[in-house]
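Student: Pasting in a structure now, in structure tokens, and then I'll have a few things to ask.
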Amino acid sequence: MKKKTGGILIVMAFLMALASVAFPASSQRKQVINALSNEYGRYIRAFAAKNMAPIQNQIVSNWTGRIHGTTMGRSDLLQLTADAMESTSHIEHMCIHIKKLSLKGNVATATVSDIASLVLNEDDGTPRKLASGTLRKDTWVRVNGDWKLRRSETLGTIPNPERCNLVRYQ
């Protein structure tokens, strides 16, 4: 189960719901925040439904990341996601806060924090809760009008993540 838990923690870093923003936004910023919120929401709904297709479509082919100290490519991320889906019974809750957003042309970089709680299925069928809090930097690129995830980097963990009330999936 150790391998599955590691994969779950990495995938939880990507699980997103609707964003709540803590800074004033221009019209363009608001549009990008709304678009990224939709992408994050699409990801979490696909994960909850155990549907890989929307997730595969959301990530560019040359995606790279450094997640909890491990450098990965797109295929690594997708395999971890599939493994995590298999191990997850359901999502108890999840919230995401966009802490900072920078825009340069068709590239948006969001520093985000997310808190999530999953219920995992142990090898013997016993359910086990896993809570996680992560601070991460995501780089999105706009391709043919759609935002696609190009890079992710874990910046740190949030100790003792508390339950959030922004979005719940059960």
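The values are calculated or read from the model by the stated rules, or taken from the named source; none is laboratory data. In this text the structure is predicted, and so the values were computed from the model without any measurement. So basically every Cβ, Gly included, is an ideal-geometry build from the backbone, and we count neighbours across all protein chains shown.
Okay, residues lined up against (1) among the charged types (D, E, K, R); (2) surrounded by fewer than 14 Cβ atoms within 10 Å (Cβ to Cβ):
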site: ILE98; (1), (2): no, no
site: LYS104; (1), (2): yes, yes
site: ALA110; (1), (2): no, no
site: LEU120; (1), (2): no, no
site: THR126; (1), (2): no, yes
site: THR134; (1), (2): no, no
site: TRP140; (1), (2): no, no
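Student: Looking at segment 49-91, which of its residues are in contact with a Leu (Cβ under 9 Å, 6 or more places away or on another chain), at pLDDT below 95 and over 21 Å from ARG136 (Cα atoms)?
Tutor: Passing the criteria: SER87, THR88, SER89, HIS90.
Student: Ok, one more. Quick one: count up the residues across segment 86-132 that are of a type in the set (S, T, N, Q) and either touching an Asp or Glu at 6+ places or on another chain (Cβ under 9 Å) or touching a residue at least 40 places away in the same chain (Cβ under 8 Å) (or both).
Tutor: 8
Yes/no matrix, rows are residues, columns are (1) within 12 Å of the chain's Cα centre (by Cα); (2) part of a strand (DSSP E or B); (3) surrounded by 15 or more Cβ atoms within 10 Å (Cβ to Cβ):
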| site | (1), (2), (3) |
| --- | --- |
| GLN28 | no, no, no |
| ASN62 | no, yes, no |
| MET72 | no, yes, yes |
| GLU86 | no, no, no |
| ILE91 | no, yes, yes |
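Student: Would you be able to tell me the number of residues in segment 48-60 that are surrounded by fewer than 17 Cβ atoms within 10 Å (Cβ to Cβ), under 23 Å from ASN106 (Cα atoms) and free of Cβ contacts under 8 Å to residues at least 60 places away in the same chain?
Tutor: The number of residues fulfilling the criteria is 3.
Student: Would you be able to tell me the number of residues in segment 92-104 that are touching a helix residue (DSSP H, G or I) at 6+ places or on another chain (Cβ under 8 Å) and at pLDDT below 90?
Tutor: Going through segment 92-104 one residue at a time, the tally reaches 3.
Student: Still on this structure, I have one more. Which is within 17 Å of VAL143 (Cα to Cα) and either surrounded by 12 or more Cβ atoms within 10 Å (Cβ to Cβ) or among the aliphatic types (A, V, I, L, M) (or both), of ILE33, ILE44?
Tutor: Every option except ILE33 fails the conditions.
Student: If you don't mind, another one. Does any residue of segment 96-118 turn out to be over 25 Å from ILE33 (Cα atoms), touching a Ser or Thr at 6+ places or on another chain (Cβ under 9 Å) and either of a type in the set (D, E, K, R) or part of a strand (DSSP E or B) (or both)?
Tutor: Yes, that holds for at least one residue.
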